[in-house]
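Throughout, read-outs are computed from the coordinates displayed, never taken from laboratory work. As the structure is a prediction and not an experimental result, all values here were calculated from the model. Reconstructed Cβ throughout: ideal geometry from the backbone, glycine too, with neighbour counts over all protein chains shown.
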Amino acid sequence: MKLYNTARGVLLENNLDFFALDEAWDSLINRDNLEEYLLKKAGSAMRISAVAKAQLLEDGLVLPPIGNQEVWAAGVTYLKSRDARMEESQSSGAASLYDMVYDAARPELFFKAIASRVSGHGQTVYIRTDSTWNVPEPELALYINANGNIQGYTIGNDMSSRSIEGENALYLPQAKVYERSAALGPCLYVTSVPISSDTAIKMNIQRDGVKVYDDATRVSQIKRSFTELVDYLFAECDFPYGCYLMTGTCLVPSSDFTLREGDLVEISIDGIGTMVNTIGINPKHKR
Ligand code: DO4
Ligand code: MG
């Protein structure tokens, strides 16, 4: 089942049927057995046509699937991310940090965003003007309720400045956290069955209509289990509204690639869908 957060309220998709739900996002999603609850809801909710649903999506009325949830991210959970980070941090001398954290019992977890910094499907994400090397990071994001139970999944983009993180690992928060540095969408995919490790994550980047990057991976490449990441995140933090956790990237464009304003980033994850974002620059910082 898929939940869309839209400017006209919450929309539920079940087996190609669409229903308008009358509950607020935060209270709706923050429960155990969410899938079961939504199935019951569908029985009494107002059905809407596929055309009306398509219109909501096309008219830019789909919002990121987030209310008061915090967004956190895990890092260096895939070998590819470890290797890229070790390469970019050669001159700062921080390369061994990434090697150590990849093998350590405690994962790297960092705070990424509150809802106001998150873009949704069809919206713009920003690159920093004080960064020379910017990349998208396509990641499977977990939705975890206040009890610490995974209830669903969405597509995440953990936008990153490789030049800032590469200069000094302690600059990580600046490389990762700025306006519109995260995207989630297009929906929250709700399932009581853990997502298959076979799930494919794909990303392509288009520049002036031409694909300049196109690659795919599978969730099975991840080093850690999702429950391990969730256990560390919830160890000493409470999330009264639940939270999102991006689980790390395994797709890294080659080292000579940096995003430009106007690029289109398309990320697809099996079972969830496709999220498209345009790369922009915060008008406040345009030179
Ligand atoms: O260590 C820095 C961040 C890593 C990250 O965001 C990732 O691996 O996806
Ligand atoms: Mg990341």
| query | How much net charge surrounds TYR102 when only the other residues with a Cβ under 10 Å from the Cβ of TYR102 are counted, with Lys and Arg +1 and Asp and Glu -1? | reply | 0
| query | To the nearest Å, what is the center-to-center distance of the range 217-270 and the range 162-189, using C-alpha atoms only? | reply | 11
| Relative to the present Cα-Cα distance, how much length would full extension add between GLU23 and SER197 at 0.36 nm per residue of separation? | 59.4 nm
| ASP256 versus GLU236, label points 7 Å from Cα toward the beta carbon: distance in nm? | 4.6
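So what is the 222 nm mean residue ellipticity for the chain from helices alone, if each DSSP H run of at least 4 adds -39500 (n - 2.57) and you divide by all residues, rounding to the nearest 500 deg cm²/dmol?
Values: 8 runs with 64 residues, N = 287.
Here the helix-only value at 222 nm equals -6000 deg cm²/dmol.
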| said: Quick check: pseudo-label points 7 Å beyond the Cα along Cα→Cβ at GLU36 and SER49, how many nm apart are they? | reply: 3.6
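Taking the range 196-251 on its own, what percent of its Cα-Cα pair distances exceed 18 Å? Mind dumping the intermediate values first?
Numbers: 791 of 1540 pairs.
Pairs farther apart than 18 Å: 51 percent.
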| query | Could you give the dipole magnitude of the chain about its Cα centre, charging the beta-carbon of Lys and Arg +1 and that of Asp and Glu -1, in debye to the nearest 20? | reply | 500
| Nearby lysines by direct alpha-carbon distance to LYS211 (threshold 23 angstrom, same-chain neighbours under 8 apart not counted) | LYS80, LYS202
| remark: Filtered hits (aspartates and glutamates, Cα-Cα < 17 Å from LYS286, offset >= 8 within chain) -> ASP130, GLU179, GLU261, ASP263
| query | Excluding same-chain residues fewer than 8 positions from LYS41, which lysines have a Cα within less than 22 Å of its Cα? | reply | LYS2, LYS53
| Computed log₁₀ I(q)/I(0) - Debye formula, equal Cα scatterers, no solvent, the chain, q 0.17 Å⁻¹ | -1.45
| query | Using the beta-carbon distance between GLN221 and ASN15 and R0 = 41 Å, what value does 1/(1 + (r/R0)^6) give for FRET efficiency, to the nearest 0.05? | reply | 0.85
